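Participant: Here's a structure for you.
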Amino acid sequence: MSNLLTATSDLSWVWNQCLAAIETRIQRQSYNTWFRPTQLIHFAPDQAIIQVSSHFFSDWLEEHYLELIKTTLHEQTGHNCEIVFSVSADKPISEPPLFSDTVQEQAKVPSVAVFHLNPRYTFDTFIVGDSNEFTYTAALAVAKSPGKTSFNPLVIHGGVGLGKTHLLQAIGHYCVQHTSAKNVVYVSSEKFVSDFIQSIKNKDTTEFVRIYRTADVLLVDDIQFFPQSESTQKEFFHTFNTLHQNGKQIVLSSDCPPNRLKGLEERLISRFQWGLVTGIEKPDLETRMAILKKKAENEGIYIEDGIARLIAMQVDTNIRELEGILTHLLAQASLKNTPITQELVLNLLDNTFKPSKNQPTIDNIQRIAAKHFCISEDLLISKTRKQEVAMARQVAMYLCRKMTSSSLETIGLHFGGRDHSTVIHACQSVESKLLTEPSFASRLHRLTQDVHTSSHS
Ligand code: ADP
Ligand code: MG
């Protein structure tokens, strides 16, 4: 065997040998959870780099399986090398690195970009609920007839971890597999920018232009990171126009609707609104439960409704976090070799969301807020819509969200059984008031101090 493995096929051959050996030594569930998603991306006599999907994985592997990995690699290759973990995070292995020899070679093959898409991000693995149904349907329509619907560009916006990247890549997979639009290019806006800058440095933009302006489908992720730079925006403008005029599909994602994007030229923003702009909201409880169950099922594990509900009630922020909790849970279950029980979940949630020592309670915040606004606590959580009371209630909800680790659902329940969307709305109103009314901001600051003081005493 050569000392330095470079070809991907060699690397995966070696790693498959190692994995086969590891599989015989540890429990199946542990193997599936921890090792199946790994990849060997570099191997030299002194160092092996293993790619994993998150820091949680690398920490876990390092803590629990480092020796096993070292020994196995030694057995298989004869080298005692240092093991390094590389986190691919949610930056998909995607993104054609321009101008490197190998990729220039690959780039001549039209469908090359498909190799850069994360294979997990398909329509099949995307769970649909009220929060994302419209966007999902639009994405699927675009994927079925790229460039041929009025949804061009399709702009998907929404908060972090809600599935934008997943949907963009699902479109890419679908086009390659089921349509004649095989030349799919997926990039983050940063990658687009850095490729462009590199091409300027190289004094040759032909390769850049060739890749981006000949795409059948251009998927640009996170356009909120587009820099203010005039030349890059101009380049993007021309890329956009060329593709659009040629009936090619453009799909963009952003953390906010295009008209709220900062630092982008008007002409770009107006083009972004030519097609369809659609948002993804936070998933409701039912959808979160469905996502959990499906993801567990993919790992070969069944989770009861009660347990899914328990987890989904606690984690209402985003789906990435939900996945994180599930991974923890699978890991624990596999380590302890037990099924996923309510006790295991409660234990884990307890450790994850353990209130910091002096974290105020919801009751505490309600008591102090009521006092501050000179109303009774009963009135604070009552149904009355009188303006002063409603305002006090919104402030109290906002503080609960900021100062405790309780979920939106839990907070809503403590405020007379209100819905989580009421809590979101309250937080939004308080935030906008904070921006526009300095006296309100200082009042809120005093109130926050009071809550702090009382929970320390
Ligand atoms: P964003 O790009 O909006 O920050 P991602 O697309 O990276 O979010 O999604 C975060 C994680 O949650 C990914 O692992 C993704 O597969 C998963 N995810 C998001 N939405 C869904 C969904 N509706 N069904 C299943 N998985 C989802
Ligand atoms: Mg993303």
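Participant: Considering only protein heavy atoms and a 1.4 Å probe, what is the carbon-and-sulfur percentage of the accessible area of the chain?
Facilitator: 51
Participant: Then there's this: Give me log10 I(q)/I(0) at q = 0.17, 0.20 Å⁻¹ for region 326-418, Debye formula, one equal scatterer per alpha-carbon, no solvent.
Facilitator: With one equal scatterer per Cα and no solvent, log10 I(q)/I(0) is -0.74, -0.89.
Participant: Simple spin-label model, 7 Å along Cα-to-Cβ: Gln332 to Thr242 in nm?
Facilitator: It is 5.3 nm.
Participant: Also: Could you pull out every one of the lysines with an alpha carbon less than 21 Å from that of Lys191, ignoring same-chain neighbours closer than 8 positions?
Facilitator: Lys91, Lys108, Lys164, Lys182, Lys201, Lys203, Lys234, Lys248, Lys262
Participant: Right, next: Taking only protein heavy atoms into account and a 1.4 Å probe, give the accessible area per residue of region 219-265 in Å².
Facilitator: Here the per-residue accessible area is 43 Å².
Participant: Would you please give the FRET efficiency between Asn347 and Leu140, computed as 1/(1 + (r/R0)^6) with r the Cβ-Cβ distance and R0 = 41 Å, to the nearest 0.05? Could you put the intermediate results ahead of the total?
Facilitator: Details: r = 40 Å, r/R0 = 0.97.
In this case the efficiency is close to 0.55.
Participant: If you average the C-alpha positions of region 375-390 and of region 304-337 separately, how far apart do those two centres end up, in angstrom?
Facilitator: Measuring centre to centre over Cα atoms gives 36 Å.
Participant: What accessible surface, in Å², does a 1.4 Å probe find on Met313, ignoring ligands, DNA and RNA and rounding to the nearest 10?
Facilitator: 60
Participant: Assuming R0 = 41 Å, can you tell me the calculated FRET efficiency for the pair Asn202 and Asp255, based on Cβ-Cβ distance, to the nearest 0.05?
Facilitator: Numbers: r = 31 Å, r/R0 = 0.77.
The pair Asn202/Asp255 has a calculated efficiency of 0.85.
Participant: What do you reckon, how do Asp284, Asp195, Asp46, Asp305 stack up by accessible area (1.4 Å probe), largest on top?
Facilitator: Heavy-atom accessible area, descending, gives Asp46, Asp305, Asp284, Asp195.
Participant: Does the chain come out rounded, prolate or oblate by the C-alpha gyration tensor, with a ≥ b ≥ c the root eigenvalues, rounded set by a/c under 1.5 and, if not, prolate when a/b is larger than b/c and oblate if not?
Facilitator: It comes out oblate by the Cα gyration axes.
Participant: Projected area of region 266-387, taken from the Cα convex hull and averaged over every viewing direction, in nm²?
Facilitator: Result: 13.7 nm².
Participant: Oh, and also: Please state, rounded to one decimal and in Å, the Kirkwood hydrodynamic radius that region 194-251 gives when every pair of distinct Cα atoms enters the mean of 1/r.
Facilitator: On the way: mean 1/r = 0.0838 Å⁻¹.
After inverting the mean inverse Cα-Cα distance, the result is 11.9 Å.
Participant: Need one value: the accessible area of Thr436 in square angstrom, 1.4 angstrom probe, rounded to the nearest 10.
Facilitator: Per-residue accessible area (Thr436): approximately 100 Å².
Participant: Can you tell me, using C-alpha contacts under 8 Å and at least 6 residues apart, the relative contact order of the chain as a whole percent?
Facilitator: Relative contact order, the chain: 12 percent.
Participant: Let me ask you something else. For region 385-457, compute Rh as the Kirkwood radius over C-alpha pairs and then the Stokes-Einstein diffusion coefficient at 20 °C and 1.002 mPa s; write the answer in µm²/s, rounded to an integer.
Facilitator: On the way: Rh = 12.7 Å.
My calculation gives 169 µm²/s for D.
Participant: Something else about it: Using helices alone, what [θ] at 222 nm do you get for the chain, with -39,500 (n - 2.57) per DSSP H run of 4 or more residues, divided over all residues and rounded to the nearest 500? Display every interim value, and only then the final one.
Facilitator: Values: 19 runs with 248 residues, N = 457.
The helix contribution divided over the chain gives -17000 deg cm²/dmol.
Participant: Then there is this: Across every pair of different alpha-carbon atoms, what Kirkwood hydrodynamic radius in Å does region 246-304 reach?
Facilitator: 14.8
Participant: About its Cα centre, what dipole magnitude does the chain give when the only charges are +1 on Lys and Arg Cβ and -1 on Asp and Glu Cβ, stated in debye to the nearest 20?
Facilitator: Using Cβ point charges on Lys, Arg, Asp and Glu, the chain gives about 1140 debye.
Participant: Could you give me D for region 127-169, from Stokes-Einstein at 20 °C and 1.002 mPa s, where the hydrodynamic radius is the Kirkwood radius over C-alpha pairs? Units µm² s⁻¹, please.
Facilitator: 197
Participant: To continue, here is another question. For region 307-457, what is the accessible area per residue in Å², given a 1.4 Å probe and the full set of protein chains? Mind dumping the intermediate values first?
Facilitator: Numbers: 7970 Å² over 151 residues.
Accessible area per residue, region 307-457: 53 Å².
Participant: Ok, one more. Of Tyr398, Gly129, Gly324, which is farthest along the charge dipole of the chain in the positive direction, counting Lys and Arg as +1 and Asp and Glu as -1 at C-beta?
Facilitator: Tyr398
The values are calculated or read from the model by the stated rules, or taken from the named source; none is laboratory data. Note that the coordinates shown come from a computational prediction; the quantities given were computed from them, not determined experimentally. Positions of Cβ are backbone-derived with ideal geometry, glycine not excepted, and every protein chain shown enters the neighbour counts. Ligands, DNA and RNA are stripped out before the accessible areas are found, and what is left, the full protein with its side chains, is counted by its heavy atoms. Shrake-Rupley method; radii C 1.70, N 1.55, O 1.52, S 1.80 Å.
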